[in-house]
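The values are calculated or read from the model by the stated rules, or taken from the named source; none is laboratory data. Quantities reported herein were computed from a predicted structural model and do not represent experimental measurements. Positions of Cβ are generated from backbone atoms using ideal geometry, with glycine treated the same way; all protein chains shown enter the neighbour counts.
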Amino acid sequence: MTSAIMAFLHHLAAFTLTAAIIYEHTTFRKDLSLAEARRIQRMDILYGVSAGFLVIVGLLRVFYFEKGAPFYAQNWFFWTKMLGFALVALLSIY
């Protein structure tokens, strides 16, 4: 049961992160009003919080809930996904 809850939280964070990015992408333009700029700021905070939550829950799933760290340590797809996530995180900070 706990594994299912962790999977739900992991997916919820991923979909929240995606929704925040889509909102920012569709709303951002040159002539923003102050209210729109503040909404984008709030979405950016939501993006950061959901990304952090996604990483924390994901690491908990790797080390405590799913197939275990040895399985993921040898999985090239897992490391490709982590590299992609890290690159996007660095680009979003920049």
Kindly indicate whether any position in the range 29-46 is in a helix (DSSP H, G or I), free of Cβ contacts under 8 Å to residues at least 40 places away in the same chain, small (Gly, Ala, Ser) and surrounded by fewer than 11 Cβ atoms within 10 Å (Cβ to Cβ). yes
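I'd like to verify a number: residues in the range 56-85 that are in a helix (DSSP H, G or I) and exposed (fewer than 11 other Cβ atoms within 10 Å of the Cβ), how many?
Total meeting the criteria: 7.
Is there a residue in the range 25-44 that is closer than 25 Å to residue 86 by Cβ and small (Gly, Ala, Ser)? Explain how you work it out, then say what you get.
Going through the range 25-44, the residues closer than 25 Å to residue 86 by Cβ turn out to be 25, 28, 40-44.
Next, from what is left, pick out any that are small (Gly, Ala, Ser): none.
No, that holds for no residue.
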Checking residue 44 against (1) charged (D, E, K, R); (2) over 27 Å from residue 1 (Cα atoms); (3) in contact with a helix residue (DSSP H, G or I) (Cβ under 6 Å, 6 or more places away or on another chain), which test does it fail? (3)
Taking the stated definitions as given, is residue 48 within 12 Å of the chain's Cα centre (by Cα), of a type outside the set (A, V, I, L, M) and at pLDDT below 95? yes
